[in-house]
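Note sheet for the following structure.
The values are calculated or read from the model by the stated rules, or taken from the named source; none is laboratory data. Since the structure is predicted, the reported quantities are computational estimates derived from the model, not experimental observations. All Cβ positions, even for glycine, are placed from backbone atoms using ideal geometry, and neighbour counts span all protein chains on display.
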Amino acid sequence: MAKPGLDGHDRGAKVIARALRDAGMEVIYTGLRQTPEMIVNAALQEDVQVIGLSILSGAHNAIVPRVLELLREKEMTDVMLIVGGIVPDEDAAALKRQGVAAVFQPGASLEAIVAFIKGAVPVA
Amino acid sequence: MKSADPEFTTISGVPVEPLYGPGDFPIPPPGDFPYTRGIHRDMYRGKLWTMRQFSGFATPEETNLRYHYLLAQGQTGLSVAFDLPTLMGYDADHALSEGEVGKCGAPVSSLEDMEILFRGIPLGEVSVSMTINSPASVLWAMYLAVAQQQGVPWAHLSGTLQNDILKEYIAQKEYIYPPRASMRLVTDTIEFGALHTPKFNPVSVSGYHIREAGSTAVQELAFTLRDGIEYVDWALQRGLDIDEFAPRLSFFFNAHSDFFEEIAKYRAARKIWAHVCRERYGAKSERSLKLRFHAQTAGCSLTWQQPYNNVVRTALQAMAAVLGGAQSLHTNSLDEAYALPGEHAVTIALRTQQVLAFESGVAAAPDPFGGSYFLEHLTLSTEAAANRYIRQIDEMGGMIAAIEAGFPQTEIASASYRYQREIESGQRTIVGVNRFQSGVSQSDAQPIELLRIGEAATRRQTAKLAALRARRDNGNVQKTLSALRRAAEGADNTMPPLLDAVRAYATLGEICDALRAVFGTYQETPHI
């Protein structure tokens with residue numbers, strides 16, 4: 001669970017991290033103000049199956065493609081990328097076309113997020 | 001009041017009277033200590049709350065146009081929103097600013113941007129609030145420099161600097177430097193303000209962000225007031241007299257959804273603070289005892305689903321703030337969950353305040369719900385619960401110690417998780433989200449006319465910065481930055497060297513980097 005860019009709003013990221021742990025997943029929370037490079041490196045080191053990006057600042061169109069590019073460069077394309085935050089419908093559609101597995105907009109339930117990950121990712 | 005029969009007490013030994021009625025709650029009128037009912041005898045009959053919409057986006061030029069628009073539509077004070085790079089002390093052309101310029105507020109990288117922001121706005125006549133924290137003193141120096149350019153004496157300036165760094169570590173997370181260095185910077189502004197800007201509030205001790213991070217109303221109140229106590233302690237340590245600066249400490253609370261709980265919270269806030277200033281600090285001036293606050297309706301309560309319901313939520317929350325005696329108010333726009341306010345949406349939000357002020361009649365009598373059995377009970381219980389937290393933090397060694405121990409952060413994270421679980425289980429209803437989902441595309445649809453901010457702002461700001469650096473006297477800039485570093489390393493007030501630096505057109509990033517070199521930067525230990 002990563003907070004890329006300058007956005008410091010971490011309520012959602014922390015609530016979801018806790019819910020995922022309650023659902024039996026191992027969760028690493030990167031903390032705030034991570035660059036795409038830092039996030040992908042952490043994901044590589046921790047050998048994660050999923051990266052969750054929490055972005056409420058409107059900077060998703062700059063940040064997400066950069067993360068996808070780095071995942072391709074490091075041959076980590078089996079790592080699933082999901083995004084949560086303030087992402088308008090048009091942008092969400094575009095991000096999914098670029099390879100993001102899911103975009104969770106405000107009001108998404110913890111249940112739906114947990115179910116999506118459990119459905120998409122095999123137990124390690 | 002008859003004395004209680006000693007046989008009837010609570011488990012804790014509190015005597016219980018045979019009957020409770022109106023006479024048991026003697027509460028002084030508004031304007032009388034401890035100001036539970038309001039800080040003025042006449043409240044809004046004398047002067048309405050300031051209608052002050054928080055605003056800023058894309059570029060200083062476009063933000064300036066929005067300020068003119070809002071003033072023309074009847075708002076009575078300005079409130080500046082800065083973008084994330086500015087909030088974090090980075091220029092618009094910094095590597096970390098990529099994709100972020102102008103997205104959450106107005107970019108201000110130098111005095112030039114501040115001049116543009118206030119073009120055509122007479123600072124001697126319009127009060128200005130600036131939501132800025134870690135680099136607050138830098139932006140304040142820019143504002144003071146613009147006022148000087150306009151020929152307005154600093155003693156005439158009215159406004160507020162948020163400048164509440166403690167709540168950044170607790171909730172909003174826009175910190176740069178470590179806590180003690182940051183507190184020194186805040187104390188510098190309080191000291192400078194006491195001398196030079198008697199009508200300006202150098203700090204807005206805030207609970208809004210604590211609440212938005214997921215705290216309860218009691219936590220919002222307690223952590224805010226305890227932050228206030230920490231600022232007072234530092235100012236007293238600096239050698240200021242309580243009555244020199246306390247009158248200009250201001251506060252900022254959330255206006256959340258539970259109507260009566262919010263009104264009780266504001267009343268308890270005034271009561272606790274009045275007692276704190278009189279008994280803990282021995283303040284003599286009445287103005288030191290009167291808690292003045294700005295309120296903003298709760299952004300976190302507004303939904304993506306069925307966004308037009310948000311107009312109703314905001315109206316009810318605004319009414320609670322008014323019935324609770326706020327001095328200044330921002331109402332959120334219906335597109336809160338989607339984007340920064342569009343022009344149409346922000347107009348509705350402003351009209352909400354105007355309908356409240358001029359049509360509803362609720363401004364006619366101060367504290368009109370005073371005496372309500374429910375409200376008076378809630379006020380007392382909120383006061384007691386908040387005081388328990390304040391004492392607890394006192395025992396931990398104060399708010400900085402509590403922050404270092406992760407206490408307020410953990411309380412907030414737990415409250416926030418509990419709240420989300422209540423929504424998930426259906427125990428708590430959010431209309432349109434977990435109940436009453438309409439499935440009617442028109443009412444579900446995202447609002448039209450969403451404000452879209454692209455990358456043109458970045459290009460414009462970057463070009464401006466390049467031109468600025470080319471035409472200014474760079475030798476002079478370096479001189480002012482050296483002087484600032486020396487002041488920061490020593491004990492001198494940093495405001496005068498900051499003023500010199502901004503007038504030399506040193507950029508925000510350059511100034512903050514000079515301070516980063518002296519103070520270092522802060523990394524938090526996350527508490528989930």
Out of B:Leu484, B:Leu515, sole residue that is more than 19 Å from B:Val108 (Cα to Cα) and touching a helix residue (DSSP H, G or I) at 6+ places or on another chain (Cβ under 9 Å): B:Leu484
Residue match in segment A:89-112 (condition: out of contact with any Asp or Glu (no Cβ under 9 Å at 6 or more places or on another chain), touching a residue at least 24 places away in the same chain (Cβ under 8 Å) and within 12 Å of another protein chain (Cβ to nearest Cβ)): yes
Scan of segment B:31-85 for residues that are in a loop (DSSP other than H, G, I, E, B) and within 14 Å of another protein chain (Cβ to nearest Cβ), ordered by number: B:Gly56, B:Phe57, B:Ala58, B:Asp83
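Rundown of residues vs (1) surrounded by 13 or more Cβ atoms within 10 Å (Cβ to Cβ); (2) at pLDDT 95 or above, yes/no style:
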site	(1), (2)
B:Ser443	yes, no
B:Ile448	no, no
B:Arg452	yes, no
B:Leu468	yes, yes
B:Asp473	no, yes
B:Leu484	yes, yes
B:Pro497	yes, yes
B:Asp500	yes, yes
Filter result for A:Ala93 (more than 19 Å from A:Met1 (Cβ to Cβ), small (Gly, Ala, Ser) and surrounded by fewer than 14 Cβ atoms within 10 Å (Cβ to Cβ)): yes
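Suppose the filter is on the phi > 0 side of the Ramachandran plot, surrounded by 20 or more Cβ atoms within 10 Å (Cβ to Cβ) and of a type in the set (Asp, Glu); does B:Asp367 pass it?
Numbers: on the phi > 0 side of the Ramachandran plot: yes; surrounded by 20 or more Cβ atoms within 10 Å (Cβ to Cβ): yes; of a type in the set (Asp, Glu): yes.
It is true that B:Asp367 is on the phi > 0 side of the Ramachandran plot, surrounded by 20 or more Cβ atoms within 10 Å (Cβ to Cβ) and of a type in the set (Asp, Glu).
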Residue that is surrounded by the fewest Cβ atoms within 10 Å (Cβ to Cβ), among those in segment B:415-441 that are polar (S, T, N, Q) and either in contact with a Gly (Cβ under 9 Å, 6 or more places away or on another chain) or over 24 Å from A:Ala115 (Cα atoms) (or both): B:Ser441
Residue match in segment B:301-321 (condition: within 14 Å of chain A (Cβ to nearest Cβ), touching a His at 6+ places or on another chain (Cβ under 9 Å) and in contact (Cβ under 8 Å) with a residue 24 or more places away in the chain): yes
Near pairs, Cβ below 7 angstrom, 6+ apart or cross-chain, from segment B:505-528 (at pLDDT below 95) to any residue that is assigned to a loop (DSSP other than H, G, I, E, B) and hydroxyl-bearing (Ser, Thr, Tyr): B:Pro526/A:Tyr29; B:Ile528/A:Tyr29
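Against the definition (under 29 Å from A:Ala108 (Cα atoms), away from chain A (no Cβ under 14 Å), touching a helix residue (DSSP H, G or I) at 6+ places or on another chain (Cβ under 6 Å) and touching a residue at least 12 places away in the same chain (Cβ under 8 Å)), how does B:Thr331 come out, yes or no? First the steps, then the outcome.
Values: under 29 Å from A:Ala108 (Cα atoms): yes; away from chain A (no Cβ under 14 Å): yes; touching a helix residue (DSSP H, G or I) at 6+ places or on another chain (Cβ under 6 Å): yes; touching a residue at least 12 places away in the same chain (Cβ under 8 Å): yes.
So B:Thr331 fits the description; yes.
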Segment B:403-446, residues that are of a type in the set (Gly, Ala, Ser) and either under 25 Å from B:Leu334 (Cα atoms) or touching a residue at least 60 places away in the same chain (Cβ under 8 Å) (or both): B:Gly406, B:Ala413, B:Ala415, B:Ser416, B:Gly426, B:Gly432, B:Ser438, B:Gly439, B:Ser441, B:Ser443, B:Ala445
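Return yes when B:Trp234 is in contact with a strand residue (DSSP E or B) (Cβ under 9 Å, 6 or more places away or on another chain), farther than 26 Å from B:His527 by Cα and aromatic (Phe, Trp, Tyr) and no when it is not.
no
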Output for segment A:13-28, where each listed residue is closer than 26 Å to B:Gly105 by Cβ and surrounded by fewer than 22 Cβ atoms within 10 Å (Cβ to Cβ): A:Val15
Qualifying residue in segment A:87-95 (condition: in a helix (DSSP H, G or I), within 14 Å of the chain's Cα centre (by Cα) and not polar (S, T, N, Q)): yes
Residue in segment B:212-223 that is more than 27 Å from A:Gly31 (Cα to Cα) and small (Gly, Ala, Ser) present: no
Among residues of segment A:10-36, those that are in a loop (DSSP other than H, G, I, E, B) and over 15 Å from the mean Cα position of the chain (by Cα), counted: 2
Any pair with Cβ under 7 angstrom, 6 or more apart, that starts in segment A:1-30 at a residue that is facing chain B (nearest Cβ under 8 Å) and among the aromatic types (Phe, Trp, Tyr) and ends at one that is buried (at least 21 other Cβ atoms within 10 Å of the Cβ) and in a loop (DSSP other than H, G, I, E, B): A:Tyr29/A:Met1
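Among the residues in segment B:338-350, are any assigned to a loop (DSSP other than H, G, I, E, B), away from chain A (no Cβ under 14 Å), surrounded by fewer than 21 Cβ atoms within 10 Å (Cβ to Cβ) and not basic (Lys, Arg)?
No: zero hits.
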Set B:Val108, B:Val152, B:Val126, B:Val186: member being outside any helix (DSSP H, G or I), of a type in the set (A, V, I, L, M, F, W, C) and closer than 19 Å to B:Arg248 by Cα: B:Val126
Hits in segment B:87-98 - residues which are buried (at least 23 other Cβ atoms within 10 Å of the Cβ) and within 18 Å of B:Gly454 (Cβ to Cβ): B:Ala92, B:Ser97
Single residue of segment B:318-337 satisfying the filter (in a loop (DSSP other than H, G, I, E, B) and under 18 Å from the mean Cα position of the chain (by Cα)) that is surrounded by the fewest Cβ atoms within 10 Å (Cβ to Cβ): B:Gln327
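Does B:Ser127 fit the bill of being more than 14 Å from chain A (Cβ to nearest Cβ), modelled with pLDDT of 95 or more and over 19 Å from B:Gln150 (Cβ atoms)?
So B:Ser127 does not fit the description; no.
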When residues of segment A:36-51 are limited to those that are out of contact with any strand residue (DSSP E or B) (no Cβ under 7 Å at 6 or more places or on another chain) and touching a residue at least 24 places away in the same chain (Cβ under 8 Å), the one farthest from the other protein chains (Cβ to nearest Cβ): A:Leu44
In segment B:99-137, the residues that are under 27 Å from B:Tyr169 (Cβ atoms), among the polar types (S, T, N, Q) and either under 19 Å from the mean Cα position of the chain (by Cα) or surrounded by fewer than 24 Cβ atoms within 10 Å (Cβ to Cβ) (or both): B:Ser129, B:Thr131, B:Asn133, B:Ser134, B:Ser137
Options B:Thr303, B:Thr314, B:Thr297: the member that is in contact with a Gly (Cβ under 7 Å, 6 or more places away or on another chain), at negative phi and of a type in the set (S, T, N, Q): B:Thr303
